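Where a number appears in this text, it was derived from the coordinates with a stated rule and is not lab data. The model shown is predicted, which means the values in this text are computed figures rather than measured ones. Ideal geometry is used to build each Cβ from the backbone, glycine not excepted, and the neighbour counts take in all protein chains shown.
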Amino acid sequence: MSSAKVIFEGQGIGELVASGKAFVIKDNGVFVEKKKSALTQTAESARLARAITQVEENLNQAICQTSAETKEILGALQALLLDTKLQTGLKLSIEAGWSSESAVSKVFADYADLFSEMGDLKEDFLDLGRQIQAALSGSAELLIPTGDSVVIVAKNLSPLQMVKLGENVVGVILLESGPTSHTAIICRQKGIATLVGAAGLLTSMKSGDELTVDAISGKAYLGPPIAYSISETARRKIGEPLTKLRLNIGAMSDLKSLSQENIDGIGLVRTEMFFLGAIGEPDSVEQTQVYETILRLAPQGKVVFRTFDSSEDKALTFIDSKNHESLWNSSQYWEIIDQQLSCLALAQKRVGREVSVMAPMIESATQAEQFVRKAKAHGIHSAGVMVELPSLSLEIPKLEGKVDFLSIGTNDLAKYLFGLDRENFSSSNLLTPWHPELLSRVKLIVEGANSIGIEVAICGEAAADPLLGVVFAGMGIDVLSMARLSIPRAVAYLSSVTVDQAKEIARQALEQSDAEAAKAVTQESLGS
């Protein structure tokens, strides 16, 4: 590929290579100029209500058909769409005589500033406005060609647009998106070769051009795909996987057609995903039934339930999640968790299968001890916490005798470690799990866990990257937990190296000065 014309360079997502005809989106929707309505207030209100209902139905349909991780993202957008303050703002604009299009322009632009600290959601929120305007005009935002393989080239795409893409979309090139953005996460889940934060001129491209996206090297090439074909290096199995492999789930469909081979239980049950959109707190009967079903369907091994995790990313209507990191300081949240732990304990008793629980966004060793003590008071024998906040990562040795296991959430750990916007493509050189500073923090956590003799897992997005999996194994991570579709590649890589080789690969990655170099040296060592 070195002699081919490189037209875009960015950060690769998915460790894939794909070729197809370009579909260029040079404008992903703009808000209209202000205009007064020629209709009555009642007619204009009804028109806007129909458009909002259509967008809500689109979200509902997508939520029912997609994976747990994507469902989580779309559920947050649905909560935003139905936000009382937003709806009131739209109502007041219509009452002031503005057209529905103008009301959406004004209100969504005004409210977007409130999301400036929430990274992922700002652009997703603005896209909700574009969807409403598209519904008002009766137009579809994206009409992707069918049949031939397609590579989409755009400034950005929204999560809902990503969910609707057909199977013929094999590649995506985004100029304004980061590696941990919602869109990037969905691209990985859908098995689409992707470049984010791509440097290149969108104006130089035209639809129909032949493109090859190489997410391994982080480059996109212009020209016939036959010139750039890459044969995947076969991984030779030399032993069993270096770590245990578990599933991340957030829907019952994640447990269907499940091969038990190489899966050691469930490392993350996203309990909030089963109750997104609930009007009030789910009652004990409903909760217990859900947990019982999961325990009966789960593969053999440990089953780890994460207690309700509510934030701007996955809003639950019955939890005030404005200050996500301080949820554990809220008496209301503790009451909700008390009921959840009681339901989990009852499900454990009825099924006769041990439950493990862990709490998200724990700030300190003291808070961790408080949670574990409460879980065990309910009769749950195995209790741990997630390490997502830098403050807790520095207190791991203090957890000796207080927690049974740890699980690292790499996306949030990176976000809070660097204090940056997960969606901001200009920060993508930092917000990547390959950054040596993040890898060093993971190593610090692992060393702390090893010193007190407790299991440490990774259940963040980084666990799904098979090259990173080898690096983590070399650091001493015990468990990698990921979506079902990522398991086969993880097995292939983790079975193709020895412990000593993995340790050396991890050492080399940690010694690099930036993410690109860390990934490159790992690829070279693994022959990928």
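Worth a mention:
- Relative contact order for the stretch 428-528: 34 percent, from Cα pairs under 8 Å spaced at least 6 residues apart, divided by residue count.
- Computed from the C-beta positions of Thr53 and Ala112, the FRET efficiency with R₀ = 22 Å rounds to 0.45.
- Dimensionless Rg ratio for the stretch 325-389, taking C-alpha atoms and the 2.2 N^0.38 Å reference: 1.10
- Counted residue by residue at 0.36 nm each, then reduced by the alpha carbon distance between them, the extension gain from Glu286 to Ala46 reaches 82.8 nm.
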